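The values are calculated or read from the model by the stated rules, or taken from the named source; none is laboratory data. What you are looking at is a predicted structure, and each value in this text was computed from that prediction instead of being measured. Neighbour counts run over all protein chains shown; Cβ positions are idealised from the backbone, glycine included. Just so you know, the surface numbers come from the protein's heavy atoms only, side chains and all, with ligands and any DNA or RNA stripped out. Shrake-Rupley method; radii C 1.70, N 1.55, O 1.52, S 1.80 Å.
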Amino acid sequence: MSLELVNRAAGHADRTALLAPEGLFSYSTLLDVSAAIATRLLSGRDDLDGARVCYLVPPGWSYAAVQWGIWRAGGLGVPMATSHPEAELAYVLDDADPEVVVAHPSLVDRVAGIAKQRGLTVLQTPALLAQTPLAVLPDVDEAAGALMLYTSGTTGRPKGVVLSHANIRAQVESLSGAWGWRGSDHILLHLPLHHVHGIVNVLTCALWNGATCEILPRFNAVDVWERLARGDATLYMAVPTVYRRLIDAWDDADPETRAAWTAGSKSCRLMVSGSAALPVPTLRRWEGITGQRLLERYGMTEIGMGLSNPLEGERRPGFVGTPLPGVEIRLVDDDERPVEAGHPGQIQVRGPGVFSQYWRRSAETADAFTDDGWFRTGDLAVVEEGAYRILGRSSVDILKTGGEKISALEIEDVLRSHPGVADCAVVGVPDPEWGDRVCAAVVPAGDAELVEDELRDLARTRLAPYKVPKDFLIVDDLPRNAMGKVTKPDVRELFTPDDA
Ligand code: MLC
Ligand code: AMP
């Protein structure tokens with residue numbers, strides 16, 4: 001038995017699976033080419049048996065074909081972020097311990113050197129995708145690991161969240177039912193493809209349902225509007241920052257263009273927002289422009305999607321709805337006892353979509369779950385009139401900027417490695433565009449003359465672009481409490497103008 005995702009693809013072989021920068025590809029082409037990739041990855045073996053395959057491939061046809069090829073060979077796919085500098089990619093190679101790296105020619109230079117230093121072979125697309133006599137592919141167990149996605153925690157560097165094929169299937173089946181996915185759907189995709197949002201909610205849901213996924217090479221507000229204006233997209237999913245950018249682009253357009261964009265967007269049957277809190281003014285403005293009431297939902301890399309407003313029925317602004325099919329959610333107090341409706345509590349989640357381990361981190365995995373299997377999300381919420389409202393996170397050190405989750409501590413570690421820095425504190429300052437705006441207060445060491453550009457360059461070489469602080473403030477000392485501990489809410493105040 002091959003994977004259900006693959007079996008289903010055979011059932012809609014002639015339909016268009018992907019409209020990509022490289023062209024248009026049917027489900028049967030996806031099946032043929034992913035079998036060729038699997039054959040090459042196996043290179044004579046019966047099964048990759050969970051060996052990690054890291055892949056650095058831009059959004060598009062090759063990306064989807066490589067991901068399916070890894071899955072069909074029995075490998076654990078580790079998508080690498082195309083925006084990351086070498087240092088972050090090297091961290092993933094060291095942590096994931098892959099047997100091979102797959103790279104696209106446009107990105108191979110970023111990974112070839114660090115792969116070579118580690119004795120890793122780099123296989124390049126498009127050669128990997130070329131026809132070849134096909135091997136017999138393994139029966140991949142649904143319990144086997146499918147994807148490893150890196151996500152920040154409060155302590156240490158990012159951790160690999162291992163999702164099995166069964167986890168992904170549960171997530172996809174849940175969303176397919178809740179959001180009414182069908183084969184005639186056509187979805188636009190420009191989200192980064194190293195996160196559940198882009199990979200599971202958009203790409204895999206589309207391919208599971210025999211729909212068409214149209215992949216744009218990157219996000220550009222005008223391009224998205226032009227695509228919507230063609231009137232053939234039925235679904236659209238994005239993060240709040242993107243909706244905000246689309247609204248800004250619409251505001252900047254001339255009346256004729258605005259009218260065409262608005263008219264095209266009406267063909268969508270559903271538009272979804274998630275990965276960060278959707279500001280109510282953004283929801284209202286978007287509805288005013290497009291007539292679409294955004295469906296806000298809540299999720300997390302470790303659980304997939306947990307809560308969603310309804311497809312039919314009232315989508316309440318500022319709320320994330322109710323548990324999705326197959327997902328158990330509860331809110332608990334500090335002693336992990338369930339709270340009554342109307343009382344705030346931490347969200348805990350259980351169900352077949354929930355991951356089972358952080359890669360090679362048994363202590364962190366154990367800490368993340370209660371004895372009876374509830375995953376501790378660290379997010380706070382309250383139930384009001386039957387629907388959940390997200391209140392924030394229990395840790396001030398976890399930030400969400402433009403839908404990207406980051407650890408303040410990881411950024412502080414990098415800034416502290418600068419010889420001119422005695423201490424620093426990184427905070428998320430509420431921001432209408434980014435959600436959290438990453439800001440750093442820095443205390444110079446002795447008489448050191450701290451130059452902001454130097455700190456920014458240091459952060460740029462070591463960290464993903466979205467982790468680089470937008471604002472730096474050089475201060476004599478950091479605000480502290482009576483015990484001498486830095487008080488982050490007070491640090492945040494330093495960045496908020498008095499008249500804000
Ligand atoms: C880019 N920049 C960011 C940023 N993205 N800064 C802060 N936060 C971000 N998210 C930086 C760039 O490096 C650049 O810095 C400057 O901001 C302007 O860049 P840009 O070109 O305007 O940004 P762009 O490439 O358009 O990216 C913005 C974005 C992107 C919002 C389109 O960040 C995005 O696609 N985010 C979605 C992330 C996502 O899918 N999250 C889901 C996680 S899963 P400089 O210095 O060069 O000017 C999850 C679970 C769930 O959360 O519930 O879904
Ligand atoms: P990630 O770890 O990147 O998967 O991000 C998951 C986190 O994003 C969650 O733990 C929440 O803090 C946040 N998140 C996701 N969806 C929403 C939402 N609709 N509203 C508020 N926060 C959200």
Shape of the range 188-249, Cα gyration tensor, a/c cut at 1.5: oblate
Calculated log₁₀ intensity ratio I(q)/I(0) where the Debye formula runs over C-alpha points of the range 398-492, q = 0.11, 0.15, 0.17, 0.20 Å⁻¹: -0.29, -0.54, -0.69, -0.95
Percentage relative contact order, the chain, counting C-alpha pairs under 8 Å, at least six apart: 12
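Return the ratio Rg/(2.2 N^0.38 Å) for the range 4-141, where Rg is computed over Cα atoms only.
On the way: Rg = 14.6 Å, N = 138, 2.2 N^0.38 = 14.3 Å.
Normalised by 2.2 N^0.38 Å, the Cα Rg of the range 4-141 equals 1.02.
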Extreme residue, positive dipole direction of the range 398-492, given options 402, 468, 438 (C-beta unit charges): 402
Percent carbon-and-sulfur accessible area, the chain, ignoring ligands, DNA and RNA, probe 1.4 Å: 50
The range 425-456 and the range 334-388: distance between their alpha carbon centers, rounded to Å: 32
Euclidean distance of C-alpha centroids, the range 213-279 and the range 459-498, integer Å: 34
Separation of the residue 109 and residue 226 label points, Cα + 7 Å toward Cβ, nm: 2.7
For the chain, share of DSSP beta bridges that run antiparallel, in % to the nearest 5: 65
Student exercise, the range 4-141 dipole from Lys, Arg, Asp, Glu Cβ charges, in Debye to nearest 20: 320
Beta bridge orientation in the range 4-141: antiparallel %, DSSP, nearest 5: 25
Cα centroid separation - the range 135-149 against the range 8-86, whole Å: 12
Charged-residue dipole, Cβ positions (Lys, Arg, Asp, Glu), the chain about Cα centre, Debye nearest 20: 1160
Loop sites in the range 371-460: GluC sites (Glu not before Pro), DSSP, at most 13 other Cβ within 10 Å: 385, 433, 449
Those trypsin sites (Lys or Arg not before Pro) in the range 1-51 that DSSP places in a loop and that have at most 15 other beta carbons within 10 Å: 15, 45
Accessible area expressed per residue, the chain, with surrounding protein chains retained (probe 1.4 Å, Å²): 41
Test item: Cα-centred dipole of the range 1-81, Lys/Arg +1 and Asp/Glu -1 on Cβ, debye: 100
Cα gyration tensor category, rounded, prolate or oblate, for the range 20-72 with a/c compared to 1.5: oblate
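Is the shape of the range 61-166 best called rounded, prolate or oblate, per the rule: a/c under 1.5 gives rounded, else a/b larger than b/c gives prolate, else oblate, with a ≥ b ≥ c the square roots of the Cα gyration tensor eigenvalues?
oblate
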P(r) histogram, all alpha-carbon pairs of the range 320-478 included - 10 Å bins from 0, percent: 10, 30, 28, 21, 10, 1
Alpha-carbon Rg with Dmax, taken over the chain, Å: 22.8, 71
Environment charge of residue 264, counting only residues whose C-beta is closer than 15 Å and scoring Lys/Arg +1, Asp/Glu -1: 0
Positive-end residue, the chain charge dipole about Cα centroid, Cβ charges, pick of 66, 289, 479: 66
